[in-house]
Amino acid sequence: MEFKGIKQIAEALRAKDLSVQELHDFYQAKIEKHADNLNCLINKTSELAQKQIQQAQDLIDTGSGNPLTGIPLVHKDLFCTKDIKTTCGSRMLENFVAPYDATVVDNLNQAGMVTLAKANMDEFAMGSSNENSYFGAVKNPWDLTRVPGGSSGGSATCVAAGLVPVATGSDTGGSIRQPAALCGITGIKPTYGRNSRYGMVAFASSLDQAGVFAKSAEDCALVLSQMCSFDAKDSTSAQVDKEDFNQNLNQSIKGVKIGVIPEWMGTLPENIRRQTQQSIDTLKNMGAQLVEIKLPTAHLAVSAYYVIAPAECSSNLSRFDGIRYGRQCDNPKDLNDLYVRSRTEGFGEEVKRRIMVGTWALSAGFYDAYYRKAQKIRRLISEDFASAFAQVDVIAAPVSPEVAFEFNAKKDPVSMYQADIYTIPSSLAGLPCMSIPIGLVDKLPVGLQLIGNNLQEAKILNVAHQFQQETDFHHLVAEGFAHE
Amino acid sequence: MLINRKEVQQIAVLAKLNVSKDEIDTIVTSLDSVVEMINHINEVDTDNVKPMANPMDAVQRLRADVVTETSNKEVLLSMATNADDDYFLVPTVVE
Amino acid sequence: MSNQNTTQWETVIGLEIHTQLKTKSKLFAGTNTAYGGEPNTQVSLLEAAMPGTLPVFNEKVLRYAIRFGLAVGAKVIAKESTFDRKNYFYPDSPKAYQITQLNHPIVEHGELVIQDDKGNDKTIRINRAHIEEDAGKSIHDKYTQYSAIDLNRCGTPLIEIVSEPDLSSAKEAVRYMRGIHTIVTHLGICDGNLQEGSFRCDANVSIRPVGQKELGTRTELKNINSFRFVEKAINIEIKRQIKLLESGGTVTQETRLYDADKNETRPMRSKEEANDYRYFPDPDLLPVVIDQAYIDNEKQFIPEFPAQKIIRYTQDLKLKPDDATTIAHDKELSEYFDAAVKQLGKAKPKVAANMILGEFSALLNANDAKVEDNNISPEQFAELLEALAAGTISHKIAKVVMEKIWGTDSTAAQIIDKEGLAQVSDTGELETIVKEIIKNNPSQFEAYKGGDMKMFNYFVGQVMKQTRGRANPAQVKTLLEEL
């Protein structure tokens, strides 16, 4: 079975050329074959899948449902799924079973999608390589000695290796875009507030946003349209009408103003710069108008982010105290011992590091100098984008300063943090952004980042889709993973 | 050094984490490098900038005062490592 | 120091009052707030701090807090208020942070006038009133090795009312606390039940030599749950501090617990760890933004407070000051009184007050009932008073009628009619009865005729007995005099 896209599968299902069970079995076989080796899954959800297959088939047989009905997917393991383990890649939640479904999970269930598994991830979504999972590192299908990126590395690998057509992810500072780029697939993080955060285990509340991985912009648009909804259970949910992100996909991008940031391009290694420039030139050749822009404060984004995100995380992760759920240490000798040992044993090194950084940044005497200051930088960056979007429709920028790197290549935290140098600015501004594949450098994928103005997902998806009509990069598959 | 051992120990106490003797120096070094990176935020003057707590240009929604929840007692207590039929249990708290 | 024992000390007290708001649901989730439920049955996933759960703000809390601000004449009722997180680990606080308002509270700069110890008016400044979550409860006496945690109270809305350190004695502190209690209960935003913890007080107490400007080191006395204990706890703490300073020691800034059994304060061990709460704006909640119209709309819910009521009762309704005060301070009773007075025609409010504080209150006590149970509606009560004013019944009979109305829908008129309780004012009928009595008591009548005025009362009594109290006393008197 050759995968062409969700729409084609949906048509086959509707035409009875294919049953939901057969579709499931096809992907299930891929999972059986590759998942253990890639270490991209934490828990399989076979029982739930069987139930959902039946429901999906019923929907299709009765002529209801939508193009997503019956389509298999995996969820990043930080979306709460009722009666199924949600580990967040942490020893702390190794056996945690949430008593409810996250809103985005619920939205996708409503469409009749079939959940195959929960995907591996950096512990509590903290990392850029997926080496920080308690369940072990995830391998990049393009080179099994290299990382898939993070923190949604398991989701990205699943899609890149063809184990599922779709995976959910979450992006706090680049956790969808960077692994999408490093794995050669398409991934989108919508505007902050588009997706409900209810039921998505929090890392940094003012930055976390759910999103999607798929092979193409078209598939991303399809899933994102179903995933996003206003949710009264989330005070930061955007009160906007439901939008069909597929509507504008086929518009020509002639005359669309695309902003490029020479300053960023100049910092890229030559081979990645060339590849990136080529993709921008392609857009230009398709009729887009290139405009050079500046984001004067963006170079401080990583520094500001590593105050804000750890600060929020230090508070958000305090609830993991071993008392009501999650790991509790053996034989606590008193309450403090229970707290300290449960948390010290339950959290991995990077999570503890960020909790420490955040605790420090919020502690007495530092709040104004760090947290408040970082929030001010955040506003400046946001204003930089606002000025840029006064001139352009979409910004095209690099995603990552490098291709997938080898395991253990980045031992000091700061060099790892720099991996998100191009993705963090738009995260701080809460803007919709995505990564699309633009070819290989040294046989490894490179991505292009498209950033849109607030709630302008449709615009970046339009540019991405048009680019993918013109190019074949999104069809590239790592050797050994092509669907025969 | 921008952060020292004593400060790291104090932070660990606040965060309810244990830092062992074996790891303290490594942790101090890594936190120090992070703080050094963070300190770049001081390069720009922000005196007249309003802090941005959230990217959403929106205000808090208000919920009507109605009871919508029912008891989750059994589920909640079953999730805890230590609970009896009615309560979560923790080592004795001294007030 | 040589003058140690001659130092005159001055006390400085500030109160933090935690007022539980009388909402149906919790501050950030639709969880029942009713007191006294089975343990852990009123805990939503949010209050259990389940990963992924998020808070949504209860509008009633906002409105109640605004009403409090209006009632204490707050200079600031914030058009934009925000929520902050106060981080600390404690088993009855599952998120390990309390959502509160540090930097932009909803209410600032109010005031309350109390009487100082000399009886003069004294204005106590209220620094702020902010919205925050209550914690759960730890139960320590169920097991020896464990504390048992009940999260039912967790997330119940509170406003913390923080006074400036303007109070100078334990008695003033109690008057202030009572004043705030009166306000929140009359506003109907708090049930005011100290026993159940709906109204709790922490006191910051320090002393300084008279004349010294800067404040002494203060201690914080936690969770004192009665007016009486506030006074005792503060006094014992003042004594302790004076003794400490006069023996050359220093006061340590700390949190202390009042032990009512031993009548002493002692340091709280759980608070020993110097805490750094790492406050920061809660990123799960957005700024609460309201306009002036929203605030103005709450003005309609600000009732008349006791002080204003007392003036109206004494000046307009001519009540005795004591009666006015008693009724005005009891919210339910004063509402009942006002409702009844509204229905009165000929009857005097003063009579209504007498009756309410007398027979009506006795009846409530006897039946172990509350005013608001409405066993006699204000309308029924007013009709009764009208019957009394019209002379249809005597005061004595009124009590009987009241007992018969209790718990029924009957009007006073219906009862009087059915039970034949109307006063006998028919001169003919009364004359017959009087003549009959004279006939049967000739010697007594002779004595009366001979000027024995005790006999006058004897005959009145006999007439009343014969008529079962229904005879119009004035008419009986006239008849006897005429004879």
(request) Being more than 10 Å from chain C (Cβ to nearest Cβ) and in contact (Cβ under 8 Å) with a residue 24 or more places away in the chain is the filter; apply it to the stretch A:312-341 and report the residue that is nearest to C:Asp276 (Cα to Cα). (result) A:Cys313
(request) Please indicate, with yes or no, whether at least one residue in the stretch A:384-406 is open to solvent by 30 Å² or more (accessible area, probe 1.4 Å), touching a helix residue (DSSP H, G or I) at 6+ places or on another chain (Cβ under 9 Å) and within 8 Å of chain B (Cβ to nearest Cβ). (result) no
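Is it fair to say A:Phe96 is in contact with a helix residue (DSSP H, G or I) (Cβ under 7 Å, 6 or more places away or on another chain) and closer than 26 Å to A:Gln328 by Cα? If you could, list the steps in order and put the result at the bottom.
Values: in contact with a helix residue (DSSP H, G or I) (Cβ under 7 Å, 6 or more places away or on another chain): no; closer than 26 Å to A:Gln328 by Cα: yes.
The answer is no for A:Phe96.
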(message) Looking only at the stretch B:3-52, filter to residues that are in contact with a Phe, Trp or Tyr (Cβ under 8 Å, 6 or more places away or on another chain) and not hydrophobic (A, V, I, L, M, F, W, C); which one of those is farthest from A:Ala374 (Cα to Cα)?
(response) B:Lys16
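Report yes if some residue within the stretch C:228-249 is farther than 26 Å from C:Pro303 by Cβ, open to solvent by 30 Å² or more (accessible area, probe 1.4 Å) and within 15 Å of the chain's Cα centre (by Cα); otherwise report no. Spell out the reasoning first.
First pass over the stretch C:228-249, keeping only residues farther than 26 Å from C:Pro303 by Cβ: C:228-229, C:231-249.
Applying the additional criterion that residues be open to solvent by 30 Å² or more (accessible area, probe 1.4 Å) yields C:228-229, C:231-232, C:235-236, C:239-240, C:242-248.
Of the ones still in play, those that are also within 15 Å of the chain's Cα centre (by Cα) are C:228.
Among the residues of the stretch C:228-249, at least one is farther than 26 Å from C:Pro303 by Cβ, open to solvent by 30 Å² or more (accessible area, probe 1.4 Å) and within 15 Å of the chain's Cα centre (by Cα), which makes the answer yes.
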(message) Please count how many residues of the stretch A:116-138 are over 17 Å from A:Arg353 (Cβ atoms) and surrounded by fewer than 24 Cβ atoms within 10 Å (Cβ to Cβ).
(response) 3
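Which members of the stretch B:3-12 meet the condition of being more than 9 Å from chain A (Cβ to nearest Cβ) and either open to solvent by 80 Å² or more (accessible area, probe 1.4 Å) or free of Cβ contacts under 8 Å to residues at least 24 places away in the same chain (or both)? Working first, answer last.
Taking the stretch B:3-12 and keeping what is more than 9 Å from chain A (Cβ to nearest Cβ), we get B:4-6, B:9.
B:Arg5, B:Lys6, B:Gln9, listed by residue number.
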(request) Please indicate, with yes or no, whether at least one residue in the stretch C:280-298 is assigned to a helix (DSSP H, G or I) and within 14 Å of chain A (Cβ to nearest Cβ). (result) no
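If we keep just the residues of the stretch C:62-81 that are of a type in the set (Val, Ile, Thr) and assigned to a strand (DSSP E or B), which is most open to solvent (accessible area, probe 1.4 Å)? Explain how you work it out, then say what you get.
As a first pass, look at the stretch C:62-81 and keep what is of a type in the set (Val, Ile, Thr): C:66, C:72, C:76-77.
Checking which are assigned to a strand (DSSP E or B) leaves us with C:76-77.
On the way: C:Val76: 48, C:Ile77: 24 Å².
Among residues in the stretch C:62-81 that are of a type in the set (Val, Ile, Thr) and assigned to a strand (DSSP E or B), the one most open to solvent (accessible area, probe 1.4 Å) is C:Val76.
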(request) Output the number of residues of the stretch A:58-105 satisfying the condition of being crowded, with 21+ Cβ neighbours inside 10 Å and free of Cβ contacts under 8 Å to residues at least 40 places away in the same chain. (result) 1
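Going by what's in this entry, would C:Asp191 be described as of a type outside the set (Val, Ile, Thr) and assigned to a loop (DSSP other than H, G, I, E, B)? I'd like the intermediate steps shown before the answer.
Values: of a type outside the set (Val, Ile, Thr): yes; assigned to a loop (DSSP other than H, G, I, E, B): yes.
Taking the combined requirement at face value, the residue satisfies it.
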(request) Report whether or not C:Leu333 is without any contact (Cβ under 8 Å) to a residue 12 or more places away in the chain and crowded, with 17+ Cβ neighbours inside 10 Å. (result) no
(request) Considering every residue within the stretch A:241-250, establish whether at least one is of a type in the set (Lys, Arg), surrounded by fewer than 14 Cβ atoms within 10 Å (Cβ to Cβ) and in contact (Cβ under 8 Å) with a residue 24 or more places away in the chain. (result) no
(message) Of everything in the stretch C:134-176, what is under 15 Å from C:Tyr90 (Cβ atoms) and either out of contact with any Ser or Thr (no Cβ under 9 Å at 6 or more places or on another chain) or among the hydrophobic types (A, V, I, L, M, F, W, C) (or both)? Give them in sequence order.
(response) C:Ala135, C:Lys137, C:Ile139, C:Ala148, C:Ile149, C:Leu151, C:Cys154
(message) Which condition from (1) farther than 23 Å from C:Lys24 by Cα; (2) facing chain A (nearest Cβ under 10 Å); (3) open to solvent by less than 10 Å² (accessible area, probe 1.4 Å) is the one that C:Phe89 breaks?
(response) (3)
(request) Please determine, by comparing only the residues of the stretch C:197-216 that are at negative phi and open to solvent by 60 Å² or more (accessible area, probe 1.4 Å), which one is nearest to the chain's Cα centre (by Cα). (result) C:Leu215
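Find the residue count for the stretch A:62-90, including only residues that are in a loop (DSSP other than H, G, I, E, B), on the phi < 0 side of the Ramachandran plot and touching an Asp or Glu at 6+ places or on another chain (Cβ under 7 Å).
Let us first name the residues in the stretch A:62-90 that are in a loop (DSSP other than H, G, I, E, B), namely A:62-71, A:77-78, A:80, A:82-83, A:86-90.
Those still in the list that are on the phi < 0 side of the Ramachandran plot too: A:62, A:64, A:66-69, A:71, A:77-78, A:80, A:82, A:86-87, A:90.
Going one step further and asking which of them are touching an Asp or Glu at 6+ places or on another chain (Cβ under 7 Å), we end up with A:80, A:82, A:86-87, A:90.
Number of matching residues: 5.
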(request) Mind listing just one residue for me: the one in the stretch C:34-61 that is open to solvent by 30 Å² or more (accessible area, probe 1.4 Å) and hydroxyl-bearing (Ser, Thr, Tyr) and, of those, nearest to the other protein chains (Cβ to nearest Cβ)? (result) C:Thr41
(request) Output the residues belonging to the stretch B:13-33 that are of a type in the set (Gly, Ala, Ser) and at the interface with chain A (Cβ under 7 Å from one of its Cβ atoms). (result) B:Ala15, B:Ser30, B:Ser33
(request) Using the structure shown, decide if B:Ile38 is in contact with an Asp or Glu (Cβ under 8 Å, 6 or more places away or on another chain), within 22 Å of A:Ser314 (Cβ to Cβ) and open to solvent by less than 70 Å² (accessible area, probe 1.4 Å). (result) no
(message) Out of B:Leu89, B:Leu31, I need the residue that is touching a residue at least 24 places away in the same chain (Cβ under 8 Å) and open to solvent by less than 20 Å² (accessible area, probe 1.4 Å). Which one?
(response) B:Leu31
(request) Scan A:Ser225, A:Ser216 and give me the residue that is touching a His at 6+ places or on another chain (Cβ under 8 Å) and either aliphatic (A, V, I, L, M) or more than 14 Å from every other protein chain (Cβ to nearest Cβ) (or both). (result) A:Ser216
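Take A:Lys411 and decide whether it is free of Cβ contacts under 8 Å to residues at least 12 places away in the same chain, surrounded by 19 or more Cβ atoms within 10 Å (Cβ to Cβ) and within 12 Å of chain B (Cβ to nearest Cβ). Please lay out each step first, then the result.
Numbers: free of Cβ contacts under 8 Å to residues at least 12 places away in the same chain: yes; surrounded by 19 or more Cβ atoms within 10 Å (Cβ to Cβ): no; within 12 Å of chain B (Cβ to nearest Cβ): yes.
When the stated conditions are applied, A:Lys411 does not pass them.
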(request) Select, from C:Gln315, C:Gln308, C:Gln343, the only residue that is crowded, with 16+ Cβ neighbours inside 10 Å and not small (Gly, Ala, Ser). (result) C:Gln343
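The values are calculated or read from the model by the stated rules, or taken from the named source; none is laboratory data. In this text the structure is predicted, and so the values were computed from the model without any measurement. Glycine gets a Cβ as well: all are built from the backbone with ideal geometry, and neighbour counts include every protein chain shown. Ligands, DNA and RNA are excluded from the accessible area calculation, which covers all protein heavy atoms including side chains. Shrake-Rupley method; radii C 1.70, N 1.55, O 1.52, S 1.80 Å.
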